[in-house]
Amino acid sequence: MTKLPLPIRVGIICIAAAAIAALAAFGDQTSLRFASRIAIMGLAAVAVDVVLGYAGLVSLGHAAFFGVGAYVTGALALIGHTEGLIVWPVAVGAATLAALVIGALALRTTGVYFIMITLAFAQMFYYGANAMPGLGGADGFRLPFRSTIGGMPLDDPRIFFLLCAFLLIAVLLLARRASFAAFGYTLRAARDDAIRSAASGIENYWLRLAAFTISGAIAGFAGVLSANLTLYIAPSSVLSWHLSAELLVMVILGMAGTLYGAVVGAAIFLTLVEIISHYTDFWAMYVGIAVIARVLLIRDGLLVALRRLVTT
Amino acid sequence: MTAPLLTTRGVCKRLGGLLVSDDISIDIKAGELRAIIGPNGAGKSTLLNQIGGQLTPNAGTITFDGTDITSLPVQDRARLGIGRTFQVPKIFPSFAAVDNPAIGVLGRRHHTFGMWTHVRKLGDLGAQANAALAAVGITDKRYAHTELLSHGDRRLVEIATALAGKPRLLLLDEPMAGLGRDESLRMSALLKTLKGGAAIVMVEHDMDAVFSLADTVTVLAHGKVIASGQPEAIRNDPQVRLSYLGADDDA
């Protein structure tokens, strides 16, 4: 476990708190939307980090869970169900179920086979959504309404942003708690050496399946929020394998195995894309260069580099 | 006479076209230290892997304490009380030394899905992990990063991890391999202290260690048991000398 010294942790928490407060107080619609997007993608990246950083498995299929969350939210909105207290648990439940089934099959394999199987399942969802004319097929569809929470509308971007930030922080804290409990401990042991952990009586398969399912639930939740942010869903935006890959890039940019590194990575990634795409259509190339630079120059991740700066 | 702790009956294992275990039937009594010796490729590690569950036999049965474990998964055997170490020490490199035996304790208790309580606050988990490190004599390296430990210390950490599972049968695959002279002596002394607790099945090439520690020695060659008995008897068995110990008289 990468542990950061107290000053950095306090610093990160202060910066995050200040940013949230500043946005809530002075943010205009554009910046609030952008910040909501960072919180939502950060949430999805946290989901990926649970699997990548703690279980040590590379999943190229998390777009499926994100997409299921978004699509169920959208489909229910189309038929007039917008109460979040009902719709959101249903959508997250659907994503959780998808993760349970896909995980149960994919976790029979490891390494590159695991990557390919998760990718294959996600592509099935992608083409499945393409083939559903009722939901706009490849063109996708607009959501007629945003969800409400207990009848309260979420149309105010300020309220929506605060909700996203609150949910992200809640998930982060819960996931961190679990990472220091027996679950996170034994999960990392299975990542370090699966043969050794089995020889010590650890149920590697069930442990990984639990982590994968929880991760799918978190990704699905991010999908639910994403549908409410953009009010537009298409296979290419919420189910494409590019999304799965971008989430991996965010986690690696920040630092796998730290959870909040995933959020930092998501913020950096989305900000880079936002800035660079103003100047050129080839933004992906420059983001790619940034990722390569990050991996080559600061091998342990941005947060660990920061720690070194502080402690030396 | 009490029933043996572990029995194998007619165990056969084919790997590729090769019969690596050929009709192996052995009995291990509670508390005994059994050494398994034999030339390279005799099937010693393969036999250990079948007892530990890393491999499943093609034929035959393995019984542990009255339970047929022939096709039981590794982790279930571990919780029944079969602990082990590997030829190249397997450890959890990203953990501190003391967290390795802690995993052994969690595994034995089948406590892996707790998501709320911090491991440091899990009752006597820390005390048990420390006790396991103390049993192998590396308490001073408790907080060392496992990845940075020497080969010998890694092996001790792995034994501590196995001990933390409170095994009734401990499988040691070449505990002396790769150790320097001092480390070997230290390991011999450690194995002596462990003797009489859990039954130990030890695959080993270091004959000094084998003949000074073992209660019984079983000799394998080409997947078959060619001899089994007291160390003295084995040392003087002409067939064993021919096939393994070599022609030179002081082997």
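No lab work stands behind these numbers, since they all come straight from the coordinates. Keep in mind that what you see is a predicted model, and the values were worked out from it rather than measured. Cβ coordinates were reconstructed from backbone atoms using ideal geometry, including for glycine residues, and neighbour counts include every protein chain displayed.
In the protein assembly as shown, the DSSP-assigned H stretches of four residues or longer account for a calculated mean residue ellipticity at 222 nm of -18000 deg cm²/dmol, using -39500 (n - 2.57) per stretch and the full residue count as denominator.
Rounded to the nearest Hz, the phi-derived 3J(HN,Hα) couplings of the stretch B:84-94 under the Karplus curve 6.51 cos²θ - 1.76 cosθ + 1.60 (θ = phi - 60°) are 7, 10, 10, 4, 9, x, 9, 9, 9, x, 7, where x marks glycine and proline.
Springs join every pair of Cα atoms under 10 Å in this Gaussian network model of chain B, and among B:LEU172, B:LEU15, B:LEU149 the largest mean-square fluctuation is at B:LEU15.
Counting only alpha carbon atoms, the long axis of helix B:125-136 and the longest principal axis of chain B meet at about 40°. Note on B:ARG109 and B:ASP140: the model spin-label points, each 7 Å out from Cα along the C-beta direction, lie 3.0 nm apart.
What does the charge add up to near A:LEU23, with Lys and Arg as +1, Asp and Glu as -1, over the other residues with Cβ less than 14 Å from its Cβ?
Value of the local net charge: +1.
Starting from the amide H of A:TYR232, placed 1.01 Å from N in the peptide plane, find each other amide H under 5 Å away whose residue is 5 or more places distant or on another chain. It is A:LEU143, by chain and number. Taking other C-beta atoms within 10 angstrom as a stand-in for reagent exposure, B:ARG154, B:ARG241, A:ARG208 fall in the order B:ARG241, B:ARG154, A:ARG208, fewest first. Shielding by partners for peptide B:80-92, expressed as the average number of C-beta atoms from other protein chains within 10 Å of each residue's C-beta, is 3. Springs between Cα atoms under 10 Å define the GNM used for chain A, and in it the highest mean-square fluctuation of A:TYR260, A:TYR71, A:TYR286 occurs at A:TYR286. Counting Cβ atoms of other protein chains within 10 Å of each Cβ in A:186-192 and taking the mean gives 6. Could you identify which residue out of A:ALA211, A:ALA24, A:ALA98 has the top mean-square fluctuation in a GNM of chain A using Cα springs shorter than 10 Å? Answer for the Gaussian network model of chain A: A:ALA24. Summary of the geometry: the stretch A:1-57 and the stretch B:160-223, compared by the centres of their Cα atoms, lie 51 Å apart.
Exposure proxy ranking for B:THR193, A:THR110, based on other Cβ atoms within 10 angstrom of each Cβ and starting from the fewest, stands as B:THR193, A:THR110. Of the listed pairs B:LYS13/B:LYS141; B:LYS90/B:LYS195; B:LYS121/B:LYS192; B:LYS121/B:LYS141, which have alpha-carbon separations greater than 32 Å here? Violating the 32 Å limit, Cα to Cα: B:LYS13/B:LYS141; B:LYS121/B:LYS192.
Considering only alpha-carbon pairs that sit under 8 angstrom and 6 or more positions apart, the relative contact order computed for chain A is 33 percent.
Fewest to most neighbouring Cβ within 10 Å: what's the order for A:CYS164, A:CYS14? Intermediate values should be presented prior to the final figure.
Details: A:CYS164 25, A:CYS14 10.
The fewest-first ordering by Cβ neighbours comes to A:CYS14, A:CYS164.
Fully extending the segment from A:HIS278 to A:LEU297 would add 4.2 nm, taking 0.36 nm per residue of separation and subtracting the current Cα-Cα distance. Phi-derived couplings, Karplus 6.51 cos²θ - 1.76 cosθ + 1.60 at θ = phi - 60°, listed residue by residue for the stretch A:19-28: 5, 5, 5, 4, 5, 5, 7, 10, x, 8 Hz, with x used for Gly and Pro.
When both bridge partners sit in chain B, DSSP labels roughly 55% of those beta bridges antiparallel. Take each residue in B:66-77, count the other chain C-beta atoms within 10 Å of its C-beta, and the mean is 2. Across the stretch B:154-165, coupling constants 3J(HN,Hα) worked out from phi with the 6.51/-1.76/1.60 Karplus curve, θ = phi - 60°, read 4, 5, 5, 4, 5, 5, 4, 4, 5, 5, 4, x Hz, and Gly and Pro carry x.
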